[in-house]
Amino acid sequence: MPEKLHALHEAFQQAVDYRAHIQDRDCAPQKTYHEMREIFAEPLPETGMDDAEIIRSLVRDGDQGLMQMAHPRFFGWVLGASHPAGVAADWLASAWGQNTGAHTPSPTTAAIEETAAGWILEILDLPRRSSVGFVTGASVGNLVGLAAARGKTLREHGWDPDADGLIGAPELHVFIGDDAHTSVFSALQHLGLGPRRAIRIDADRQGRMDPRHLRREVDARSGPKIIIGQAGQINTGAFDPFDDLVEIARDSGAWLHVDAAFGLWARANPDLKPMTTGLDGADSWATDGHKWLQTPFDTGYAIVRHPEDHLRAMTTMASYLPVTVETDRMPSQLVPELSRRARGLPTWAILKALGRQGVSEMVGRHCAVARHIAERLSAGPDLRIMNEVVLNQVTVSFGSAESDAETRQSLTEAVIDAAVATGQLFVGGGRWQGEWVMRLSVISHNVSIADADITADAILAAWETIRAA
Ligand SMILES: Cc1ncc(COP(=O)(O)O)c(C=O)c1O
């Protein structure tokens, strides 16, 4: 074997060893960012070193600063757990070194991505003629969907922003729920639509948009309009009332885009799917692979019902690039970047590894685990579950309702720290409904009801100790 390939073997062995023993590790990193910065702050090497030794030193020096995000009891943010089939396919995507911007230079990876795109539409039961761009995550998925929306709605009012920009364009009204995710506001910023100009629509205690308020605001304005809905609120998992949103969009000629970073996957489970009714009537959707499908980072999907608007918003043309034949899917024409890795491979591999039934079972199990944790915790004293657990998200505030918010915040933070310090799990915090809460997001592919019990026991024991102090 040529010496240069030793690094691949070393990385393979180190990766397998890490994943085989992940459950024996503390979930949280053992060293802080600042400590790791000290370790890695070294001068630019003047001469090269042995490839395999680089990988060994990476593991040796970096190990203590790893968060065990693929651990079954990792409940931080909303992050999937990098399924081994997807990781393995991702390795090959890198080892093969295939630039999947165009289809002719990399027929295998472009063809696989096309198949995976079709499977995504099928498993999520979205209109089968929609176009699917493989992006880095839901943030860019939102950007792409909203770029298509911007083009279509302005062209209908005599202006082509994709050619002429926004200076002098008719005013475009954007309507968005009060509890929308920050990434949607970033997309508005990047697209020159100004997050501050967006018309905020009241939301209820679960973060769902009020359709009556939306209707009033939409009816009060003329001109091009975009409505941004949400499937899976980041703290509650709740869904906007999509039947109403679709009707309002249809009546007003608005484009309906949905940020569905994780909630869209409820459609893969027949018991949960009814919560998403109407969602398939939208014009575009952004969702993640690296959340509920468990692909390694970074994989997301920008899905647009109207492929011509999608292509028009994203297409880069240059004389040296292959010309698109109408029926052929050109990967780069559906995303902002040109050169990119074969992002479709992990999606394809995981859908093969789990199948339709496996994805359905996993999503259903995660929601059952979330309900179980919430039920177990709610039996504890002086704490409140702050959301209706409709999906996989649980938020908890510690401290009696009679105490002030500051006291509850410090108690909640103390419980989070104590629970994480056990090493058995990872949970984070966040603000919801004006309250500082512990957030648990159940989305790690191999989490079980037994893990739910370990988690609830650890959190309740931490709370007991803090109450007694
Ligand atoms: C509802 C929602 N939308 C968008 C995003 C952004 O997704 P990503 O970080 O994959 O770009 C998230 C991330 O947690 C989310 O929960």
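The values are calculated or read from the model by the stated rules, or taken from the named source; none is laboratory data. What you see is a predicted model; the values in this text were computed from it and never measured. For neighbour counting, all protein chains shown are included, and Cβ atoms are generated from backbone atoms with ideal geometry for every residue, glycine included. For accessibility, only protein heavy atoms count, side chains too; no ligands or nucleic acids. Shrake-Rupley method; radii C 1.70, N 1.55, O 1.52, S 1.80 Å.
What the table below lists for this structure:
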| read-out | value |
| --- | --- |
| Sole exception among (1) out of contact with any His (no Cβ under 9 Å at 6 or more places or on another chain); (2) open to solvent by 10 Å² or more (accessible area, probe 1.4 Å) for Arg221, by number | (1) |
| Residues being farther than 21 Å from Ala180 by Cβ and hydrophobic (A, V, I, L, M, F, W, C) - total across segment 126-161 | 4 |
| Residue within segment 12-22 that is loosely packed, with under 15 Cβ neighbours inside 10 Å and closer than 20 Å to Thr422 by Cα present | yes |
| Selection count where residues are β-branched (Val, Ile, Thr) and over 9 Å from the mean Cα position of the chain (by Cα), scope segment 267-300 | 3 |
| Meets criteria (in a loop (DSSP other than H, G, I, E, B) and within 12 Å of the ligand (Cβ to nearest atom)) for Ala286 | no |
| Arg376 being open to solvent by 60 Å² or more (accessible area, probe 1.4 Å), modelled with pLDDT of 95 or more and farther than 30 Å from Glu122 by Cα | yes |
| Every residue from segment 224-271 that is charged (D, E, K, R) and either more than 27 Å from Val389 (Cβ to Cβ) or not assigned by TED's automatic domain parsing to the domain that holds Leu188 (or both) | Lys225, Glu247, Arg250, Asp251 |
| Filter result for Gly253 (touching a residue at least 24 places away in the same chain (Cβ under 8 Å), on the phi > 0 side of the Ramachandran plot and open to solvent by 40 Å² or more (accessible area, probe 1.4 Å)) | yes |
| Matching option when the condition is modelled with pLDDT of 95 or more and either within 13 Å of the ligand (Cβ to nearest atom) or under 27 Å from the mean Cα position of the chain (by Cα) (or both), among Arg221, Arg212, Arg205 | Arg205 |
| Residue in segment 181-197 that is open to solvent by less than 50 Å² (accessible area, probe 1.4 Å), in a loop (DSSP other than H, G, I, E, B) and within 22 Å of Arg215 (Cβ to Cβ) present | yes |
| Counted residues, segment 231-256 - those being more than 20 Å from His366 (Cα to Cα) and within 12 Å of the ligand (Cβ to nearest atom) | 1 |
| Pick from segment 260-283, criterion open to solvent by 10 Å² or more (accessible area, probe 1.4 Å) and within 16 Å of the ligand (Cβ to nearest atom), ranking: farthest from His445 (Cα to Cα) | Met275 |
| From the options Glu406, Glu308, Glu388, Glu326, residue that is at pLDDT below 95, farther than 20 Å from Pro107 by Cα and either open to solvent by 20 Å² or more (accessible area, probe 1.4 Å) or out of contact with any Cys (no Cβ under 8 Å at 6 or more places or on another chain) (or both) | Glu308 |
| In segment 15-48, residue farthest from the chain's Cα centre (by Cα) [restricted to those that are of a type in the set (Val, Ile, Thr) and in a helix (DSSP H, G or I)] | Ile39 |
| Count - residues of segment 153-171 that are open to solvent by 60 Å² or more (accessible area, probe 1.4 Å) and modelled with pLDDT of 95 or more | 7 |
| Qualifying position, being of a type outside the set (Lys, Arg) and surrounded by fewer than 17 Cβ atoms within 10 Å (Cβ to Cβ), among Gly344, Gly355 | Gly355 |
| Residues located in segment 378-393, provided they are farther than 22 Å from Pro274 by Cβ and either in a loop (DSSP other than H, G, I, E, B) or under 26 Å from the mean Cα position of the chain (by Cα) (or both) | Ala379, Gly380, Pro381, Asp382, Ile385, Met386 |
| Qualifying residues in segment 131-147 (those that are more than 10 Å from the ligand (Cβ to nearest atom) and surrounded by 24 or more Cβ atoms within 10 Å (Cβ to Cβ)) - the one nearest to Val174 (Cα to Cα) | Leu146 |
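Residue by residue, here is whether (1) of a type in the set (Val, Ile, Thr); (2) in a helix (DSSP H, G or I) holds:
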| residue | (1), (2) |
| --- | --- |
| Glu406 | no, yes |
| Ile416 | yes, yes |
| Val447 | yes, no |
| Thr465 | yes, yes |
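Residue-wise test of (1) in the same structural domain as Glu122 (by TED's automatic domain parsing); (2) closer than 29 Å to Asp24 by Cβ.
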{"residue": "Arg340", "(1), (2)": "yes, no"}
{"residue": "Gly355", "(1), (2)": "no, no"}
{"residue": "Arg371", "(1), (2)": "no, yes"}
{"residue": "Gly380", "(1), (2)": "no, yes"}
{"residue": "Ser400", "(1), (2)": "no, no"}
{"residue": "Thr407", "(1), (2)": "no, no"}
{"residue": "Ser410", "(1), (2)": "no, no"}
{"residue": "Thr422", "(1), (2)": "no, yes"}
{"residue": "Gly428", "(1), (2)": "no, yes"}
